[in-house]
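*Asks:* Here you go, one structure.
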Amino acid sequence: PATETILAVNNIEVIYDHVILVLKGVSLAVPKGGIVALLGANGAGKTTTLKAISNLLHAERGDVTKGSIIFDGAEVQDQSPNDLVKRGCIQVMEGRHCFGHLSIEENLLTGAFTRRDGKAAIRRDMEKVYAYFPRLRERRNSLAGYTSGGEQQMCAVGRALMSKPKMILLDEPSMGLAPQIVEEIFEIVKDLNAKEGVSFLLAEQNTNMALKYATYGYILENGRVVMDGDAKSLADNADVKEFYLGIS
Ligand code: ATP
């Protein structure tokens, strides 16, 4: 049977400030249970694509002017970020954005704000997050602002998990982190994908690492998809090697 698609982005255009055309017709798809990488240099439009999907652009005076976004069978381009979270699609922003003055555990609890299934269920899911991220359990009572960058990234992903997502839009988890920590985080992403069935759209400048964990990838340049394919074929492609992997 054909693989089901959990997210389909069809030909979206994004304009900032009424004049700056930043996405020039981007289309992509994420299969249910997949990990798809969205690659490209700084400024290529990765973050804008994720924010367009989450509907977070309006606040930045950016608008989707064209195209459609289908998540889990429904058109969602006009849904609020909040409604999208309730449907099961949540974004983990670049730069982590934990509440520095709250403890790790309190941060995790904020992730459950859209849920109505009661404290016991939320408690159970918190234990699950701690099982995936033992470091967060150790640091549960520490103020997030005093934890390491890697722990804050884990906290941001853990908080997203507390909304019981079907899909996470993960924006540059590797940013500013040591390779070993990046690998630790990607291993957890792989685990969450395999064991919980969470689908991922992963925006990354770290092409090498992203292609190691993703099954499929899209490369954005200047607001357009210039190449896409299986992770392996991208990693073997001569242009990708030269321009994105630093091998030639
Ligand atoms: P990064 O690695 O910096 O996240 P990116 O590939 O995610 O890069 P975007 O952040 O999506 O790229 O930016 C794409 C383009 O849109 C850039 O040229 C950027 O300057 C521009 N841009 C981003 N946000 C805004 C905004 N709020 N207003 C105007 N232009 C913006």
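*Asks:* Could you tell me what fraction of 2.2 N^0.38 Å the Cα radius of gyration of the chain comes to, as a two-decimal ratio? Mind dumping the intermediate values first?
*Replies:* Details: Rg = 17.5 Å, N = 248, 2.2 N^0.38 = 17.9 Å.
Relative to the 2.2 N^0.38 Å estimate, the chain comes out at 0.98.
*Asks:* Which angle between 0 and 90 degrees, to the nearest 10, do you get for helix 119-132 versus the longest principal axis of the chain when only C-alpha atoms count?
*Replies:* 70
*Asks:* In the chain, what % of DSSP beta bridges are antiparallel (nearest 5)? Before the final figure, lay out the partial values.
*Replies:* On the way: 26 of 44 bridges.
So the antiparallel bridges amount to about 60 percent of the total.
*Asks:* Going toward the positive end of the dipole of the range 1-134, with +1 on Lys and Arg Cβ and -1 on Asp and Glu Cβ, which of S54, V19, I6 do you reach last?
*Replies:* It is I6, whose Cα lies furthest towards the positive end.
*Asks:* Beyond a 21 Å Cα-Cα separation, which of these cross-linked pairs lie in this structure: K190/K241; K119/K164; K24/K46; K51/K86?
*Replies:* K190/K241
*Asks:* If one takes the longest principal axis of the Cα atoms in the chain, at what angle in degrees, from 0 to 90 and to the nearest 10, does the Cα axis of helix 179-191 lie?
*Replies:* Taking Cα atoms only, the helix is inclined about 80 degrees.
*Asks:* Taking only protein heavy atoms and a 1.4 Å probe, what accessible area per residue, in Å², does the chain have with all protein chains in place?
*Replies:* Values: 11640 Å² over 248 residues.
That works out to 47 Å² for each residue.
*Asks:* How long are the semi-axes of the ellipsoid equivalent to the range 66-105, from square roots of 5 times the Cα gyration tensor eigenvalues, in whole Å, largest first? Please list the in-between numbers first.
*Replies:* Values: eigenvalues 152, 26, 13 Å².
Ellipsoid semi-axes (Å, largest first): 28, 11, 8.
*Asks:* Given all pairs of different Cα atoms, what value in angstroms does the Kirkwood hydrodynamic radius of the range 33-113 take? Each step should come with its number before you reach the end.
*Replies:* Numbers: mean 1/r = 0.0690 Å⁻¹.
This gives a value of 14.5 Å.
*Asks:* Given only helices, namely DSSP H runs of n ≥ 4 each adding -39500 (n - 2.57), what is the per-residue ellipticity at 222 nm of the chain, to the nearest 500 deg cm²/dmol? Show your work: numbers first, answer last.
*Replies:* Numbers: 10 runs with 88 residues, N = 248.
One gets -10000 deg cm²/dmol as the mean residue ellipticity at 222 nm.
*Asks:* Moving on to the next point. How high is the relative contact order of the chain, in percent, with contacts defined as C-alpha pairs under 8 Å that are six or more residues apart? Mind showing how you got there, number by number?
*Replies:* Working: 477 pairs, mean separation 66.0, N = 248.
This gives 27 percent for the chain.
*Asks:* Rounded to whole Hz and in sequence order, give me ³J(HN,Hα) for the range 195-206 from the Karplus expression 6.51 cos²θ - 1.76 cosθ + 1.60, θ = phi - 60°, writing x for Gly and Pro.
*Replies:* Whole-Hz 3J(HN,Hα) from phi for the range 195-206: 8, 9, x, 6, 8, 10, 10, 10, 7, 8, 8, 7.
*Asks:* Have a look at S163, S148, S68 and tell me which one the Gaussian network model of the chain (Cα, springs below 10 Å) gives the largest fluctuation.
*Replies:* With Cα springs under 10 Å in the chain, the top fluctuation among S163, S148, S68 is at S148.
*Asks:* For the chain, which whole percent of the accessible surface, found with a 1.4 angstrom probe, sits on carbon and sulfur atoms?
*Replies:* Numbers: 5830 of 11640 Å².
Reported share for carbon and sulfur atoms: 50 percent.
The values are calculated or read from the model by the stated rules, or taken from the named source; none is laboratory data. Keep in mind the model is a prediction, meaning the values are calculated, not measured. Every residue, glycine as well, gets a Cβ built from its backbone with ideal geometry; the counts of neighbours run over all protein chains shown. What goes into the accessible areas is simple: the full protein's heavy atoms, side chains included, and nothing from ligands, DNA or RNA. Shrake-Rupley method; radii C 1.70, N 1.55, O 1.52, S 1.80 Å.
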